[in-house]
Amino acid sequence: MKWHPTLYDGHLSFVWKYGESVIELLDPQPGERIIDLGCGTGHLTARIADTGAQVQGIDSSAEMITVARRNYPHLCFQVADARSFELDTPVNAVFSNAALHWVTEAETAVSQITRSLKPGGRFVAEFGGRNNVRAITTTLSHLLAEKGYSGLKHPWYFPSIGEYACLLEKVGLKVTYCVLFDRPTALDNGDEGFTIWLQMFTDGWLSGLSPQERDGVIAGTIDRLKPQLYQDGQWYLDYCRIQVVAFKP
């Protein structure tokens, strides 16, 4: 997956803006040490820092981290993987917004998160849950199969409440809150909004295709989904999110 920070900030800012409500769930306190896991271009990292917490942003994309450092040079950002990031000392909280559905090795990631927390520390996250963008994944899968493009599977992990809560408990966390909810999400940029979303977020899924093949698949997906997801000049995607709060005993 290749990330494009300019495209992300310029046309897909809703991703991090929705995360501001997750910061309320985190309830950061002055002086706490917090990791923003999957920080992207750093906007939510900065919001957490505004509360007086000591926050470090981590993301696997060097491109995203470069922009985050440029946006907020007074904050600490690190290129690292959610499955293997290392800290000098454990922290009070690990926060993550719209990132962990990209980590298909979920148990490895939550094990690392648990190791990174102090006793009594908390893990607070929101990401794509069961049936997230189901219309898109179903349509794209059918279209790829029809065109004979085999072996291409979507790169996301969208768990149910039961699946994810059990996973957290397996690695030793105590789950105190876990909810799955529909959140139809309007895209900016009018007719072009869905094209931009597909170009950005299906890059890893369609990376085995030539540029011409990829453009054809994206165009076909748009045509098939327009009657379902396009209303009054705007695209609305079928987002379904999972939120979780868990503590390390």
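Bear in mind these aren't lab numbers, they're just calculated from the coordinates by the rules spelled out. Being a predicted model, the structure only gives us computed values, none of them experimental. Here the Cβ positions follow ideal geometry from the backbone for every residue, glycine too, while neighbour counts run over all protein chains shown.
A few notes on this one:
- Percent RCO, i.e. relative contact order, over the chain, from Cα pairs under 8 Å lying at least 6 residues apart: 22 percent
- Within the listed set 121, 162, 129, the Gaussian network model of the chain (springs between alpha-carbon atoms below 10 Å) gives the highest mean-square fluctuation for 162.
- Most mobile of 194, 158, 181 in a GNM of the chain (Cα contacts under 10 Å): 181
- Unit charges on C-beta of K, R, D, E only; dipole of the chain, Debye: 540 debye
- Paramagnetic reach from residue 105 in the range 149-167 [backbone N under 14 Å; point 7 Å along Cα→Cβ]: none
- In the range 179-249, trypsin sites (Lys or Arg not before Pro) in a DSSP loop with at most 11 other beta-carbon atoms within 10 Å: none
- Label zone at residue 130 (point 7 Å along Cα-to-Cβ), backbone N below 19 Å, the range 148-190: 156-170, 175-184
- The GluC sites (Glu not before Pro) of the range 49-126 meeting both criteria, a DSSP state outside H, G, I, E and B (loop) and at most 14 other C-beta atoms within 10 angstrom of the site's C-beta, are 86, 105.
- Values of log10 I(q)/I(0), in the order q = 0.08, 0.11, 0.16, 0.17 Å⁻¹, for the chain under a Debye, Cα-only, solvent-free model: -0.31, -0.59, -1.20, -1.33
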